[in-house]
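Asks: Here you go, one structure.
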Amino acid sequence: MDYIANSKNRKLKKQILGFLDRVNFWAEKLPISGRVVLFFTLVLGASLFFPWFRFEYGSKDIELYTAFSLYTGYVGYGIILSVILIPFFLLSHTKKEKIRAMVPFRLSDTQLVVFVSSMILVSLIHLLLMMPIFSQFALTEVKSWYLVAMSSVTCIIVSAFFLSKKSKEESIELRHLDHRSEVNIPDEYATILSKKHKNDNDDDSNMVLPI
């Protein structure tokens, strides 16, 4: 039994290390702005498990609430999904294309990052606007980890802008190189292609029936 358990543990460890290696490989291929997006996404995910608000009631009872509490509207669960979604679309390749094939619209990676992070930012601002209502029942205080989450989302949106700009520049450069490769064909290849085209025309003319 110990041998079977150790074998399963080694297999699981190998799978985890292989997954981390693939993540590291694709993360290194991202531009700096893409890595910044991943970093602040991790910071945002970590901030969810620390106190966001402090409530002090009339009886002087103090309670700390995270993003997974009632007073935050359980917004943490939605942000967790977003924290998973952003790295998935930045690092995955074949699997995300399968998902895109099932939806009736297509968003680029940077557009999705901006859309998701903007929705998170709207949720955080909504919580901040709700604080005056909560303060009627208890003395509230915004903790530093809420500010960390707000700053992380803002940095993700700004970095996604530069990531989109970088992706657009690379796309334009690739199209420019393709255009140049079509125009500047070496003379020897141009001669071969012209001969081949001529031979193809000759073959087509030989296939014409006399009638």
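Asks: Could you check residue 33 against (1) in contact with a strand residue (DSSP E or B) (Cβ under 7 Å, 6 or more places away or on another chain); (2) in contact (Cβ under 8 Å) with a residue 12 or more places away in the chain; (3) outside any loop (DSSP other than H, G, I, E, B) and say which number it fails?
Replies: (1)
Asks: Assigned to a loop (DSSP other than H, G, I, E, B) and aromatic (Phe, Trp, Tyr): which single residue out of 49, 89 fits that description?
Replies: Details: 89 fails: assigned to a loop (DSSP other than H, G, I, E, B).
Selected residue: 49, the only one of 49, 89 that is assigned to a loop (DSSP other than H, G, I, E, B) and aromatic (Phe, Trp, Tyr).
Asks: Shifting gears a bit: Does residue 106 satisfy being of a type in the set (D, E, K, R), loosely packed, with under 11 Cβ neighbours inside 10 Å and within 28 Å of the chain's Cα centre (by Cα)?
Replies: yes
Asks: With respect to residue 18, is the statement that it is surrounded by 13 or more Cβ atoms within 10 Å (Cβ to Cβ) and of a type in the set (Gly, Ala, Ser) true?
Replies: When the stated conditions are applied, residue 18 does not pass them.
Asks: Does residue 98 count as at pLDDT below 85, assigned to a helix (DSSP H, G or I) and exposed (fewer than 10 other Cβ atoms within 10 Å of the Cβ)?
Replies: yes
The values are calculated or read from the model by the stated rules, or taken from the named source; none is laboratory data. All values reported here derive from a predicted model rather than from experimental measurement. Please note: Cβ atoms are built from the backbone with ideal geometry, for glycine as well, and neighbour counts cover all protein chains shown.
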